[in-house]
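The structure appears right after this line, and notes come after that.
The values are calculated or read from the model by the stated rules, or taken from the named source; none is laboratory data. Just so it is clear, the structure is predicted and the values come from calculations on it, not from any experiment. Positions of Cβ are backbone-derived with ideal geometry, glycine not excepted, and every protein chain shown enters the neighbour counts. Protein only, heavy atoms only, side chains kept; ligands, DNA and RNA dropped before computing areas. Shrake-Rupley method; radii C 1.70, N 1.55, O 1.52, S 1.80 Å.
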Amino acid sequence: MNTQDLFRLDGKIAIVTGGGRGLGQYISEALAESGAKVVLCSRNLEVCQQVKEEMEAKGAQALAFACDVTQPEEVKRVVAATEEAFGGVDIVVNNSGVTWGAPPEEMPVDKFEQVMDVNVKGAFLMSQVAGKRMIAQGKGGRIINIASVAGLRGGHPEYMQTVGYNSSKGAVITMTKDLATSWAKYGIRVNSIAPGWFPSKMSRPLLEKFKEKMLSHIPLARFGQPDDIKGVAVFLASPAAAYMTGQVVVVDGGTTAW
């Protein structure tokens, strides 16, 4: 195969949770630009619909659905609708996520549970439902879990008091490895991306308030940009990563290299 063709996704069908903004939007656009048909879903249908229309204007095939990934029936509905419209599912990107900031000793238990529910249970439910379809299809598949460098280390107490979020992303990394070893026999590759600081609705308040301090902890001295995540997502979804599973690809400007 030509090297450039290794990165093509023509004819593949992808579901991206939380696909209407931030990293989910960038990844959705990247998959579409590489030839995939993309289904965007999140609790906020409006933003997914807007991104869908922008992608269609560029010639891509896309759908948008409302979906609370913590609700099994909603997840099943999205996967079924994807199959009905496009004929199957080949790629899943579990990107939906929430956070809550408070020192560990003050973290509200209900907020901790909410973060774990969305970030861990939600990723598992979509993986489980779509994974069953991939197994039934008999042609393998790719699951990409969006973790975080926060799942690899403790949060900096000056600006990242998010024990629930950090714990959830550590769980996502371990779940990635477990699904990878469980489903390798079906040709389903499961990997995760651990981004560092990228501007988003979730992170922007911190980035604006602690910009200089945070940049001082990043060897490349800048925050991540859309192109920094798009190529990594396409790589993991493509034939170029056919011999990779159960891995965590860190995209953090060198933060964890200190």
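Quick look at the values:
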item: Bins of 10 Å, starting at 0 and running to the largest distance - Cα pair percent for region 38-175; result: 12, 36, 32, 16, 4, 0
item: Relative pair counts by distance (%), Cα atoms of region 1-51, 10 Å bins; result: 28, 48, 19, 5
item: Reachable aspartates and glutamates from Lys132, criterion Cα separation under 13 angstrom, eight or more residues apart if same chain; result: Glu83, Asp90
item: Of Lys121/Lys201; Lys52/Lys211; Lys169/Lys213; Lys12/Lys111; Lys76/Lys230, pairs whose Cα-Cα distance is over 25 Å; result: Lys52/Lys211; Lys12/Lys111; Lys76/Lys230
item: Net length gained if the chain between Asp5 and Glu33 were fully extended (0.36 nm per residue, minus Cα distance); result: 8.7 nm
item: Length gained when the stretch Ser216-His156 is fully extended (0.36 nm per residue, less Cα-Cα span); result: 20.3 nm
item: Rounded accessible area of Tyr26 (nearest 10 Å², 1.4 Å probe); result: 50
item: Proportion of all alpha-carbon pairs of the chain beyond 35 Å (%); result: 11
item: Given charges at beta-carbon only (K, R positive; D, E negative), |dipole| of the chain in Debye; result: 480
item: Given charges at Cβ of Lys, Arg, Asp, Glu: region 92-202 dipole, positive-most of Met175, Pro103, Ile143; result: Ile143
item: Isolated Cys residues of the chain, judged by Cβ distance under 4.7 Å to other cysteines; result: Cys48
item: Phe210 accessible area, assembled protein chains, probe 1.4 Å, Å²; result: 50
